[in-house]
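Okay, so here's the structure we're looking at.
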Amino acid sequence: MTINLGTANEFIARHIGPRSADEQAMLAALGFESLQAMTAAVIPDSIKGTSVLGGHDGQSEADALADLKAIAGKNQLFKNYIGQGYYNTHTPAPILRNLLENPAWYTAYTPYQPEISQGRLEALLNFQTLISDLTGLPIANASLLDEATAAAEAMTFCKRLSKNKAGHAFFASSHCHPQTLDVLRTRAEPLGIEVVVGDERELTDVSSFFGALLQYPASNGDVFDYRELVQRFHGANALVAVAADLLALTLLTPPGEFDADVAIGSAQRFGVPLGFGGPHAAYFATRDAFKRDMPGRLVGVSIDRFGKTALRLAMQTREQHIRREKATSNICTAQVLLANIASMFAVYHGPAGLKRIAERTHALTAILAAGFEQLGVKVVTRAYFDTLTLATGDATARLHELARAQRINLRQIDAAHLGLSLDETSTQADVETLWRLFAEGKAVPAFDSLAATTASRLPAALLRQSAILEHPVFNRYHSETELMRYLRRLADKDLALDRSMIPLGSCTMKLNAASEMIPVTWAEFGNLHPFAPAEQSQGYLQMTTELEAMLCAATGYDAVSLQPNAGSQGEYAGLLAIRAYHRSRGEGHRDICLIPSSAHGTNPATAHMAGMRVVVTACDARGNVDVEDLRAKAIEHRDRLAAIMITYPSTHGVFEEAIGEICAIIHDNGGQVYIDGANMNAMVGLCAPGKFGGDVSHLNLHKTFCIPHGGGGPGVGPIGVKSHLAPFLPGHATLENTEGAVCAAPFGSASILPITWMYIRMMGGAGLKRASQMAILNANYIARRLEEHYPVLYTGGNGLVAHECILDLRPLKDTSGISVDDVAKRLIDFGFHAPTMSFPVAGTLMIEPTESESKEELDRFCDAMIQIREEIRAVENGTLDKDDNPLKNAPHTAAELVGEWAHGYSREQAVYPLPSLVEAKYWPPVGRVDNVFGDRNLVCACPSIESYQDA
Ligand SMILES: *Cc1c(COP(=O)(O)O)cnc(C)c1O
């Protein structure tokens, strides 16, 4: 008998759903002999063979994890007192295990289908309630990307709403975090906003300002009393935004109570690891009167078909997918998973627990300061919460060195000052270690005697009088058993990838493999401060450098920036690069951005933010860019043409033959080509945007490259560029290129980058190419199985689609009255999340199965769609009533089954329309949600328990 070493890498076959027999069957159904033959037929000749990926082998899960562990080990975990917006925190173990590391939470999609999202919507409503309570402002959104971009959103928000229409400048306090000021400058410039950075105590004339940003407590630690200043700004019709620390707000008068118009900040220190800068949830809160101008998503309370309380996303008409370049912001993916962690941190600790953490942190800081004073160290900060600035003069550099020798990081302020911030994790031993460090031979103060005599250093006039978090949800889950069950109960209400396929077109809901996820919560990645000295983050540097090279290979671009923390931010960084490039050539007047009518809403919203004018170009009857219209508009605007933003394969799910010609038209007329890379899952290993005409693209790592959607974030939106744009990639104060940060941290959401690194490492070039081919095969198989039941709206010249397909349901509306909404809701009764609805074409469903779904799951989905078509036929021919039918009444809840059944169809048909469902049934917790009611009666914080009962 011979021994067989075989292959150790089974990952590719784990990641890809169909088995080889299934693959053959699907190919046969499409009339192809092989995957190669199918690929050859799908990819247009003009771009065939442009991929530069190579066919190298992937690594096994065990080997890739071992290699990454070795790289992670090059990060050095020092004790951090750097602060500056990022603080150590204890992620409560039950939240780590049952939420952060739980696929029921992290594989969920954005809650656009509220009936299958009540769990995460409730967690987000808790987040909004938490933020609203702590800031003292009535309306808070369901998270933004980071504190710095939230500040930038606040700036443009003030601009929109200020009555000082002549005001052209935005005042930003020099006491704001430096990274916030950097992002503000980046975001202000293209809009022609002047950012005036200064010390608010020296302000004389405020008449030129439409708005202001203050930091509370200030970046250097001071707690300033802003009450009079806010009135002065208001007197000049300027609005005031305050960047506030949530933990401090448990003890301090909240911004809403000193009349601030906006509060923004980070929820990181509520249980979310530092992660070298992200991902963390930022928050944004404002007055009720301003709610319609609020950026980001907002969860609201409404009712379902039975009048029962139900949650859903509110006021979506503000958002970019509807208002496009007139939207309040380009934010799409936000930070839902991280917002949910922060909200559960508050649920678990409760108001008393949070105050205890804050009081303890403050007490240790005050004792530390008292000890410093005893040692003759000059503490500059007078009234503070958790942060001290020390005047250390000539000793500064030496003290930093001494600290580092003991694996301690202090904040580097300047040559004569250093800073330090304490946090939830600080202890008496830490305080004593710090004293010893500064004592330099002198006797170390006695902790206990100082503790007995030290008074609070919070300003008495600013002590918080109002109660926080009185809602029952923050007062009933304080034992681990209760919290564990609450998290489970919420997760059980939702449909995520751990239960069934989520066939969302354009969003690529593929497998997020456990091996990819495991490194995210390694301490070596989780506990690094983004501003730690570079020599401590060598592991991150190696991982990000390797990842940049991997993404260059996957896209054909020459350089990559990992900084943008969502696709929308990548778009923004990409357009800024184009803008800077034109300026560098003396063509700064180029400001027209052509955008095909089929584009995703973030495209026009982003172009507007980048100071460009949007010119929409037409699509033809087949969904392709109308090349002649495009050519005409490019020529008409040739003197001012800056760019085109085009998605490829198109948002219609087709590899357009004309892409090469389109790129050439733009280049011939002096413009640059931005290829939106959201559909990269159809291209990796097959063709490369950087080689067929693109100058820059963003990738959505949370789509193509396996970062989970988290229920609506986190995301990562790196951009790849050709070499001529590389000098204009975003920089950061901590990097070689210090200019043009688009995000607070140098590598954006750094701690989730290992997911993509693992994916690419394990798949190898050959595996990635196979994944793209299988994604295309799965989509075409679905299109083929469903086309006789629902017309497939667009195909390429060869009759094939790319990695997604659009089903046209509009004719059914006329013949049966059944809408795309009804079909989407009926799918819930079959245990499925609906496909993308009405994008890019109203009245259609866009289905993207991804390579990770097995043929069995595809068939299960197709069977459901076909059964639904039969039901529609029964409505068409009158067998089912046109109003009282299983589609109009979908989804059906368990509660509806008990009691009288008054429908013209059976209970069985309602909830078990296919026999297979008896075995595994998902029960929606609410019936169809009434959106109009919710927007008319807007409630965006936890309603009282009584109101649940009344309803
Ligand atoms: C998802 C998507 C975006 C936006 O990306 P986010 O990460 O959600 O900001 C942009 N364009 C297209 C085509 C998309 O599908």
Quiz item: Can you tell me which of Ala678, Ala726, Ala688 is out of contact with any strand residue (DSSP E or B) (no Cβ under 7 Å at 6 or more places or on another chain) and either under 30 Å from Ile413 (Cα atoms) or aliphatic (A, V, I, L, M) (or both)?
Solution: Ala688
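For the range 776-788, state whether one or more residues are under 30 Å from Ala25 (Cβ atoms) and β-branched (Val, Ile, Thr). Give the steps one after another, and end with the answer.
Within the range 776-788, the first condition is being under 30 Å from Ala25 (Cβ atoms), and the residues that meet it are 776-788.
Add one more test, that the residue is β-branched (Val, Ile, Thr), and what stays is 776, 782.
So far as the range 776-788 goes, yes, one or more of its residues are under 30 Å from Ala25 (Cβ atoms) and β-branched (Val, Ile, Thr).
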Quiz item: Consider Ile592 against the criteria (1) more than 20 Å from Gln320 (Cβ to Cβ); (2) crowded, with 18+ Cβ neighbours inside 10 Å; (3) away from the ligand (no atom under 16 Å from the Cβ): it satisfies all of them except one. Which criterion is unmet?
Solution: (1)
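Among the residues of the range 299-338, what is the count of those that are in a loop (DSSP other than H, G, I, E, B), away from the ligand (no atom under 14 Å from the Cβ) and open to solvent by 10 Å² or more (accessible area, probe 1.4 Å)?
Here the count works out to 5.
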Quiz item: within 16 Å of the ligand (Cβ to nearest atom), open to solvent by 20 Å² or more (accessible area, probe 1.4 Å) and at pLDDT below 95, is that true of His608?
Solution: no
Quiz item: So is Thr39 open to solvent by less than 30 Å² (accessible area, probe 1.4 Å), in contact with a helix residue (DSSP H, G or I) (Cβ under 9 Å, 6 or more places away or on another chain) and not in a loop (DSSP other than H, G, I, E, B) or not?
Solution: yes
Self-check item: Residue under evaluation Tyr794, criteria (1) in contact with a Cys (Cβ under 9 Å, 6 or more places away or on another chain); (2) in a helix (DSSP H, G or I), criterion not met
Solution: (2)
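Matching residues to (1) of a type in the set (Val, Ile, Thr); (2) part of a helix (DSSP H, G or I):
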residue	(1), (2)
Arg185	no, yes
Val197	yes, no
Val206	yes, no
Gly211	no, no
Asp225	no, no
Ala248	no, yes
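Mind checking which residues of the range 846-887 are part of a loop (DSSP other than H, G, I, E, B), surrounded by fewer than 20 Cβ atoms within 10 Å (Cβ to Cβ) and within 33 Å of the chain's Cα centre (by Cα)?
First, the residues of the range 846-887 that are part of a loop (DSSP other than H, G, I, E, B): 848-854, 877-887.
Filter again for surrounded by fewer than 20 Cβ atoms within 10 Å (Cβ to Cβ), leaving 854, 877-879, 881-884.
Hit for the range 846-887 is Ser854, nothing else.
On the given criteria, is Gly693 touching a helix residue (DSSP H, G or I) at 6+ places or on another chain (Cβ under 8 Å) and free of Cβ contacts under 8 Å to residues at least 60 places away in the same chain? Quick ask: steps written out before the conclusion?
Details: touching a helix residue (DSSP H, G or I) at 6+ places or on another chain (Cβ under 8 Å): yes; free of Cβ contacts under 8 Å to residues at least 60 places away in the same chain: yes.
Criteria met by Gly693.
For residues that are open to solvent by 10 Å² or more (accessible area, probe 1.4 Å) and farther than 15 Å from Ala610 by Cβ, scanning just the range 715-728, find the one that is nearest to the ligand (Cβ to nearest atom).
Filtering the range 715-728 down to residues open to solvent by 10 Å² or more (accessible area, probe 1.4 Å) leaves 722-724, 726-728.
Going one step further and asking which of them are farther than 15 Å from Ala610 by Cβ, we end up with 722-724, 726-727.
Details: Lys722: 20, Ser723: 25, His724: 24, Ala726: 22, Pro727: 25 Å.
Filtering first and then ranking leaves Lys722.
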Self-check item: Pairs, first touching a residue at least 40 places away in the same chain (Cβ under 8 Å) and open to solvent by 10 Å² or more (accessible area, probe 1.4 Å) in the range 636-647, second part of a strand (DSSP E or B) and of a type in the set (Val, Ile, Thr), C-beta under 6 Å, six or more apart
Solution: His637/Ile592; Arg640/Ile592
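Tell me, please, whether a residue that is without any contact (Cβ under 8 Å) to a residue 60 or more places away in the chain and not basic (Lys, Arg) can be found in the range 300-314. Spell out the reasoning first.
From the range 300-314, those without any contact (Cβ under 8 Å) to a residue 60 or more places away in the chain are none; that's our starting set.
The answer is no, given that none of the residues of the range 300-314 is without any contact (Cβ under 8 Å) to a residue 60 or more places away in the chain and not basic (Lys, Arg).
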Practice problem: Would you please list the contacts, defined by Cβ atoms under 8 Å and residues six or more apart or on different chains, that run from a residue in the range 448-465 that is more than 18 Å from Gly371 (Cβ to Cβ) to a residue that is open to solvent by 70 Å² or more (accessible area, probe 1.4 Å) and modelled with pLDDT of 95 or more? | Solution: Pro459/Asp225; Ala461/Asp225; Leu462/Asp225
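Looking at this structure, is Gly740 more than 25 Å from Pro273 (Cα to Cα) and away from the ligand (no atom under 16 Å from the Cβ)? Break it down into steps so the answer makes sense when it comes.
Numbers: more than 25 Å from Pro273 (Cα to Cα): yes; away from the ligand (no atom under 16 Å from the Cβ): yes.
Spelling it out, Gly740 is indeed more than 25 Å from Pro273 (Cα to Cα) and away from the ligand (no atom under 16 Å from the Cβ).
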Exercise. Test Thr704 against the criterion of being β-branched (Val, Ile, Thr), surrounded by fewer than 24 Cβ atoms within 10 Å (Cβ to Cβ) and out of contact with any strand residue (DSSP E or B) (no Cβ under 7 Å at 6 or more places or on another chain), and give yes or no.
Key: no
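Could you look through the range 365-416, keep only residues that are assigned to a loop (DSSP other than H, G, I, E, B) and of a type in the set (Lys, Arg), and pick out the one that is modelled with the highest pLDDT?
First, pick out the residues of the range 365-416 that are assigned to a loop (DSSP other than H, G, I, E, B): 375-377, 380-383, 385-386, 392, 406-407, 410, 415-416.
Narrowing further to those that are of a type in the set (Lys, Arg): 382, 407.
Working: Arg382: 95, Arg407: 98.
Selected residue: Arg407.
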Quiz item: Given the structure, is Arg97 basic (Lys, Arg), outside any loop (DSSP other than H, G, I, E, B), at pLDDT 95 or above and open to solvent by 10 Å² or more (accessible area, probe 1.4 Å)?
Solution: yes
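Can we say Tyr781 is touching a Leu at 6+ places or on another chain (Cβ under 9 Å) and either open to solvent by 30 Å² or more (accessible area, probe 1.4 Å) or assigned to a helix (DSSP H, G or I) (or both)?
yes
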Quiz item: Checking Asn681 against (1) open to solvent by 10 Å² or more (accessible area, probe 1.4 Å); (2) among the polar types (S, T, N, Q); (3) within 14 Å of the ligand (Cβ to nearest atom), which test does it fail?
Solution: (1)
Quiz item: Is there any pair with a first residue in the range 170-183 that is charged (D, E, K, R) and a second that is open to solvent by 10 Å² or more (accessible area, probe 1.4 Å) whose Cβ atoms are under 8 Å apart and which are 6 or more apart or on different chains, and what are they?
Solution: Asp182/Ala733
Quiz item: away from the ligand (no atom under 12 Å from the Cβ), open to solvent by less than 10 Å² (accessible area, probe 1.4 Å) and hydroxyl-bearing (Ser, Thr, Tyr): does that describe Thr734?
Solution: no
Quiz item: If you go through the range 617-626 one residue at a time, do you hit one that is without any contact (Cβ under 8 Å) to a residue 60 or more places away in the chain, more than 16 Å from the ligand (Cβ to nearest atom), among the aliphatic types (A, V, I, L, M) and surrounded by fewer than 20 Cβ atoms within 10 Å (Cβ to Cβ)?
Solution: yes
Quiz prompt | Breaking point among (1) part of a loop (DSSP other than H, G, I, E, B); (2) in contact with a helix residue (DSSP H, G or I) (Cβ under 6 Å, 6 or more places away or on another chain); (3) open to solvent by less than 10 Å² (accessible area, probe 1.4 Å), for Ile755 | solution = (1)
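Could you tell me which residue of the range 483-531 is surrounded by the most Cβ atoms within 10 Å (Cβ to Cβ), considering only residues that are part of a loop (DSSP other than H, G, I, E, B) and acidic (Asp, Glu)?
Selected residue: Asp494.
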Self-check item: Residue check for Gly748: more than 16 Å from the ligand (Cβ to nearest atom), open to solvent by less than 20 Å² (accessible area, probe 1.4 Å) and under 23 Å from Ala282 (Cα atoms)
Solution: no
Quiz item: For residues in the range 42-74 being small (Gly, Ala, Ser) and assigned to a helix (DSSP H, G or I), which is nearest to Met758 (Cα to Cα)?
Solution: Ala64
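Can you tell which of Gly296, Gly350 is at positive phi, in contact with a Ser or Thr (Cβ under 8 Å, 6 or more places away or on another chain) and either in a strand (DSSP E or B) or surrounded by 18 or more Cβ atoms within 10 Å (Cβ to Cβ) (or both)?
Matching residue, one of Gly296, Gly350: Gly296.
The values are calculated or read from the model by the stated rules, or taken from the named source; none is laboratory data. Owing to the predicted nature of the structure, the values given are computational and were not obtained by experimental measurement. Ideal geometry is used to build each Cβ from the backbone, glycine not excepted, and the neighbour counts take in all protein chains shown. Ligands, DNA and RNA are stripped out before the accessible areas are found, and what is left, the full protein with its side chains, is counted by its heavy atoms. Shrake-Rupley method; radii C 1.70, N 1.55, O 1.52, S 1.80 Å.
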